[in-house]
Amino acid sequence: MTIEEALKTAIEFEDQVRDIYHSAMGCISGPVGKRVFRMLAKEEQDHLDYLQSKLYEWKRAGTITAERLDTTIPSEKVIREGISKLGSHIADKAQGGELQMLTRALDVEVKTSNFYKNMVRELPPEGQELFAYFVEIEEGHLALVRAEIDYLSKTGYWFDFKEFDME
């Protein structure tokens, strides 16, 4: 895959996940949940803007510079604390639609993250550096979405770790 193809594909992924987060804002009834999805949608829009500027740079100059991306997604510890608060606001009102939306978001985030990891392995160094920043950010998105799914589904798992055992 060329750098131009990788940028175009990344734009498609980011566009898709941004749209899922926009839709999720309509499914979540509480203000905290809406704020979380608004933050994720905005971050995905920032990624789209960044990638589109890199595509333009590539087409214009035949080269790209990889500036570090900022993220609004906090550390995993902060995510855990935030999800506890979020869960108290939406757990009682959780409906299949909310869980379904989160599952869709997780699916697209996993595919997007895997795509970025592949680009880091396959592209020339300038592309590798650019997509390496996205790998880090997508891991935070995955942690947040997984934590919300774990909390809402009440499976006894938190960030893919079993919280308790009856044995």
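The values are calculated or read from the model by the stated rules, or taken from the named source; none is laboratory data. Source: prediction; values computed, not measured. Neighbour counts run over all protein chains shown; Cβ positions are idealised from the backbone, glycine included.
Points to keep in mind about this one:
- Annotation: of all residues in region 97-122 being touching a helix residue (DSSP H, G or I) at 6+ places or on another chain (Cβ under 7 Å) and over 30 Å from Gly33 (Cβ atoms), the one that is surrounded by the most Cβ atoms within 10 Å (Cβ to Cβ) is Met119.
- Filter pass, Val110 being modelled with pLDDT of 85 or more and touching a Gly at 6+ places or on another chain (Cβ under 9 Å): no
- Region 30-60 - residue that is of a type in the set (Gly, Ala, Ser) and surrounded by 15 or more Cβ atoms within 10 Å (Cβ to Cβ) and, of those, nearest to Glu126 (Cα to Cα): Ala41
- Test: residue in region 88-105 that is closer than 21 Å to Gly26 by Cα, outside any helix (DSSP H, G or I) and either touching a Phe, Trp or Tyr at 6+ places or on another chain (Cβ under 7 Å) or at pLDDT below 90 (or both): yes
- Some residue of region 61-79 being over 20 Å from Glu43 (Cβ atoms), surrounded by 15 or more Cβ atoms within 10 Å (Cβ to Cβ) and either modelled with pLDDT of 70 or more or under 17 Å from the mean Cα position of the chain (by Cα) (or both): yes
- Of the residues in region 123-131, at least one is part of a loop (DSSP other than H, G, I, E, B), at pLDDT 90 or above and either surrounded by 12 or more Cβ atoms within 10 Å (Cβ to Cβ) or in contact with a strand residue (DSSP E or B) (Cβ under 7 Å, 6 or more places away or on another chain) (or both).
- Residues satisfying the stated conditions in region 17-29, i.e. buried (at least 16 other Cβ atoms within 10 Å of the Cβ) and in contact (Cβ under 8 Å) with a residue 24 or more places away in the chain: Val17, Arg18, Ile20, Tyr21, Ala24, Cys27, Ile28
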